[in-house]
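Enquirer: Attaching a single structure in structure tokens format; questions to follow.
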Amino acid sequence: MMRCCIHRLCRISVLFCEPNVPEIVLAVGYGILKSEVFMNDVRTLVKRAIKSVQSDIRWRYGSAEKHLAKRKARRQLPASATLADYEQIITTIVHNPQARVFVYWHEQRAYPTVVSVIDGEHWLVMLDESGFLESAFVIDRPERYLMRPQFQESGVLEGSTMSHEEIDRVLTAYETDVRFPEASGMELLDMLLKRSEIAQADREQLLTVEQRRRLAAADRVLALQARHFYASIQRIADLEVWRQHEGAPPGEWWWYLDVLAHTPVVAADDTPVPA
């Protein structure tokens, strides 16, 4: 990320170092760059935190029961509700493609926040930068609450809206891509993006049993040849920068080919195979 930023900064420096360019123009140009880089970092942080909670709901030690008790006391949940019931609501919110996404700012820290309507109530789920739950509760006056300057709206969640036919098309392309580890690194980066699309569809339980079988077979080909795929990508791009921009958690192992390239892969017969 830093190397990318420095490269872009150099390009802007060259642009603004022409003769007779006022210093104020230089300052504005640098300010635009800093702002753009900063916002890219925030978007990456938000994306990573939301992906994390979509994969696994994590509470700070001892806080889950306290939040559950308060939701019951506020009658936002029935008295008989369990923690599993509470977490099911949270899961529904963070997987709703139409949920609104905000960043809440406090003391220069960003808290990714997702807001969605369930049974006529506006629920808010707030996370910290690592994807741990800060809170999940019903907002009584949503528009007034979210209009506060500390909240910055950034759009809606992008869930998979792919049909089975579209999933099959992307899966077929992925199956083809894994057969060519020495292809252009840019094509292989597109392959990783396809794999993430398939993962999103799988999280939403849109894959058929046969599609899951095909996916597992293609994944095994990719994992066994991780070193070759990474070598092709490395010639054209910085995989770590792409991974950070995508906000890929460790569970999305295909974005970690640089790690897998130096890790033995266990075959079906439990025999370690060099990547």
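The values are calculated or read from the model by the stated rules, or taken from the named source; none is laboratory data. Fair warning: this is a prediction, and the values are worked out from it, not measured in the lab. Note that we place each Cβ from the backbone using ideal geometry, even for glycine, and neighbour counts take in every protein chain shown. Calculation scope for accessible area: heavy atoms of the full protein, side chains included, ligands and nucleic acids excluded. Shrake-Rupley method; radii C 1.70, N 1.55, O 1.52, S 1.80 Å.
Enquirer: Give the residue, chosen from R43, R58, that is at pLDDT below 95, in contact with a helix residue (DSSP H, G or I) (Cβ under 8 Å, 6 or more places away or on another chain) and of a type outside the set (V, I, T). Don't jump to the end; show me each part of the working.
Expert: Values: R43 fails: in contact with a helix residue (DSSP H, G or I) (Cβ under 8 Å, 6 or more places away or on another chain).
After applying the criteria, what remains is R58.
Enquirer: Taking only region 77-98 into account, find how many residues are in a loop (DSSP other than H, G, I, E, B) and within 15 Å of the chain's Cα centre (by Cα). I'd like the intermediate steps shown before the answer.
Expert: To start, the set of residues in region 77-98 that are in a loop (DSSP other than H, G, I, E, B) comprises 77-82, 95-98.
Remaining after also requiring within 15 Å of the chain's Cα centre (by Cα): 95-97.
Residues flagged as in a loop (DSSP other than H, G, I, E, B) and within 15 Å of the chain's Cα centre (by Cα) within region 77-98 amount to 3.
Enquirer: Can you tell me which residue within region 132-162, out of those that are at pLDDT below 90 and either in contact with an Asp or Glu (Cβ under 8 Å, 6 or more places away or on another chain) or open to solvent by less than 70 Å² (accessible area, probe 1.4 Å) (or both), is farthest from E65 (Cα to Cα)?
Expert: M162
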